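S.K.: First, the structure itself, so that you have it in front of you.
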Amino acid sequence: MTQSAAAQKPPATPRRLDPEDAQTALAEVQERLRRQQLVADLVHRQEEGDAKATLVEDLVHRQHEAELKTLLDGLHPADIAFILESLPKDERQAIWKLVSPEHDADVLLEVEDWVRESLIEAMDRQDLVAATGNMDADELADLAPDLPPDVVAEVQKGLTEEERAQLLEAMGYPEDSVGAIMDFEMVRVREDVTLEVVLRYLRRLHELPDHTDQIFVVDRQDKLQGILPLSRLLVSEPETEVRAVMNSDFLALNPLDSDADAAGAFERYDLVSAPVMDDQGRLIGRVTIADVVDVMREDSQEQALSRAGLQEEDIFAPVSTALRNRAPWLLLNLCTAATASFVASQFEGTVSQIVILAFLMSIVAGIGGNSGNQTMTLIIRALAMGRITGRNLWQLVKRELFVTLLVGLCGSLVAALFAWVISHSLSIAVVMMAAMVCNMLVGASVGVLVPMVRARFGKDPAMGSSVLLTFATDSLGFFIFLGLATFFLL
């Protein structure tokens, strides 16, 4: 390139990563919607049939829509998805109608499942077909469960035989498997060609598939022979054959592997992409880091919700939907709290004679719950990473109990000093110390056992774990503390 040509080229304008950009755009969208609603309310207060007021409302409404559309057109689909997830259903669908059709497919892939359903409801059949018609087979497979069957059938008509087979294959795998997230776009070459031939082939492509860091070497039956990193392709001599520089030692995934296991492999080996092979050794797809990041994010969100006994829901969903989601575990929590109160009521005589115990027993229960929560968090994470086996289970249990004992002894000294200061009784201080250590051990035991037992029976180890932990540490904490007080102080 000549100097003059280089000078005429406009300077690059890189986009900085700033999470506040999406929040700023959301605030601007909300402000424009608020103004639009304010104008509508003012018009409605005018006399019915006032043509001038109606005309003003229509003009202002169009102006606001034009401003909102201009704002949305300048946003990344992921930022548009964030805005849609942060709006009530009515406002969400109003904004969705203003999104440019060329962004529809990307936004549908970016939004959470519970938002996608409401967006699809607001689209007619023609718009849905247009939005999904240019999707890849793996992307269409992600959306297929939420799309009307007739739309899926219509889109399939526009696919090639190969794409239709890929779509059916992707839809046939379990939801949390590698096959459900794998990508069918990849570059394949033979091992008996030179690197110069490979380079000429790559130049003829319109563009490389996203996250292409390696080329897959296959035979005529599509059986994977090795991988050719792009870095090695670029630095090796062009006349070298592929078989001479390809890697025969590589990590491959099976389509029935867990997507969580695949995410762990990507994290462990710092992968950007990995091939997916069937049982016959044929290359059928690949998994990229973009797919893995989505899996990690979804697993993290599900785990956080599960610990509170919740399922994913629209934060603006109707009250009835929220009640169905939250009520069961809240009712269970109410039962456990009632049980803890019943345990405390059995020691009414003890508490009535030593009133200070009523103030101290909440400390015992709270510290036991916090200690158990720390242990439970470690165990759930270790289970998710596959680090707990039959060989190290007992060793892990003993370690957690020993650590809890040491922490409990240190913390109980502080608690005992506090109890002595406010009660001026050494006996109460000693009971406080013993009860705290015992309840912390209870919390640690429950923190280990609840996730392990649920995982053993194929259940989500995080589901409702905090509710069960609170039940154990509150009920047993009250029983231990007041029981020791009754035995030694009365």
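The values are calculated or read from the model by the stated rules, or taken from the named source; none is laboratory data. Keep in mind the model is a prediction, meaning the values are calculated, not measured. All Cβ positions, even for glycine, are placed from backbone atoms using ideal geometry, and neighbour counts span all protein chains on display. The accessibility values were calculated without ligands, DNA or RNA, using every heavy atom of the protein model including side chains. Shrake-Rupley method; radii C 1.70, N 1.55, O 1.52, S 1.80 Å.
S.K.: Using a 1.4 Å probe over the heavy atoms of the protein chains, calculate the carbon and sulfur portion of the accessible area of the stretch 188-308 as a whole percent. Present the calculation step by step, with values, prior to reporting the outcome.
M.R.: On the way: 3180 of 6790 Å².
Here it works out to 47 percent.
S.K.: Which value in nm describes the separation of the simple spin-label points at L426 and N247, placed 7 Å from the Cα toward the beta carbon?
M.R.: Label at L426, label at N247, 6.8 nm between them.
S.K.: Across the stretch 243-249, in residue order, what do the Karplus-derived ³J(HN,Hα) couplings come to in whole Hz, using 6.51 cos²θ - 1.76 cosθ + 1.60 with θ = phi - 60° and x for Gly and Pro?
M.R.: Whole-Hz 3J(HN,Hα) from phi for the stretch 243-249: 4, 7, 10, 6, 8, 8, 9.
S.K.: Under 5 Å between amide H atoms, partner at least 5 residues away or on a different chain: which partners does E191 have, H built in plane at 1.01 Å?
M.R.: V218
S.K.: Given a 1.4 angstrom probe, I'd like the percentage of the accessible area of the stretch 19-176 that is carbon and sulfur, rounded to a whole number. Can you show the working numbers first?
M.R.: On the way: 4340 of 9060 Å².
Roughly 48 percent, rounded to a whole number.
S.K.: Once you have a ≥ b ≥ c as the square roots of the Cα gyration tensor eigenvalues for the chain, tell me rounded if a/c is under 1.5, and otherwise prolate or oblate according to whether a/b is larger than b/c. Kindly include the intermediate steps, with their values, before the conclusion.
M.R.: Numbers: a/c = 2.50, a/b = 1.41, b/c = 1.77.
Taking the square roots of the gyration eigenvalues as a ≥ b ≥ c, the chain is oblate.
S.K.: Please report the relative contact order for the stretch 185-234, taking Cα pairs under 8 Å with a sequence separation of at least 6, and give it as a percent rounded to a whole number.
M.R.: Reported relative contact order: 39 percent.
S.K.: In debye, nearest 20: dipole of the stretch 92-134 around its Cα centre with unit charges on the Cβ of K, R (+) and D, E (-)?
M.R.: Working: 4 positive and 10 negative charges, 31 e Å.
Its charge dipole is roughly 140 debye.
S.K.: Nearest 0.05, what FRET efficiency do A122 and L393 give at R0 = 60 Å with Cβ-Cβ as r? Write down the numbers at each step before the final one.
M.R.: Numbers: r = 50 Å, r/R0 = 0.84.
E between A122 and L393, to the nearest 0.05, is 0.75.
S.K.: Another question, then. In nm, to one decimal, how far is the E31 label point from the T339 one, both placed 7 Å along Cα→Cβ?
M.R.: 5.3
S.K.: Explain nothing, just the number: dipole magnitude of the chain about its Cα centre with +1 on each Lys and Arg Cβ and -1 on each Asp and Glu Cβ, in debye rounded to the nearest 20.
M.R.: Working: 41 positive and 74 negative charges, 515 e Å.
It works out to roughly 2480 debye.
S.K.: Ok, one more. FRET efficiency for E348 and Q23, Cβ-Cβ distance as r, R0 = 51 Å, nearest 0.05?
M.R.: Working: r = 53 Å, r/R0 = 1.03.
With R0 = 51 Å, the Cβ-Cβ based efficiency is 0.45.
S.K.: May I pose another question? Loop only per DSSP, at most 13 neighbouring Cβ atoms within 10 Å: give me the GluC sites (Glu not before Pro) in the stretch 218-279, ordered by residue number. Present the calculation step by step, with values, prior to reporting the outcome.
M.R.: Details: sites: E239, E241, E267; in loops: E239.
Qualifying residues, ordered by number: E239.
S.K.: For Y269, tell me the accessible area in Å² from a 1.4 Å probe, rounded to the nearest 10.
M.R.: Accessible surface of Y269 is approximately 130 Å².
S.K.: I would also like to ask the following. How high is the relative contact order of the stretch 188-308, given as a whole-number percent (alpha carbon pairs under 8 Å, six or more residues apart)?
M.R.: About 24 percent, as a whole number.
S.K.: Evaluate E = 1/(1 + (r/R0)^6) for V355 and V407, where r is the Cβ-Cβ distance and R0 equals 22 Å; express this FRET efficiency to the nearest 0.05.
M.R.: Values: r = 29 Å, r/R0 = 1.34.
Efficiency at R0 = 22 Å is approximately 0.15.
S.K.: What nm distance separates the two modelled labels at K459 and D294, each placed 7 Å from Cα along Cα→Cβ?
M.R.: It works out to 3.1 nm between the two label points.
S.K.: Keeping every protein chain present and rolling a 1.4 Å probe, give me the accessible area per residue for the chain in Å².
M.R.: 57
S.K.: Provide the gained length on full extension for the span T70 to L256, in nm with one decimal, where the gain is 0.36 nm per separating residue minus the Cα-Cα distance. List each step's numbers first, then the result.
M.R.: Working: separation 186, 0.36 × 186 = 66.96 nm, distance 4.43 nm.
62.5 nm is the gain from fully extending T70 to L256.
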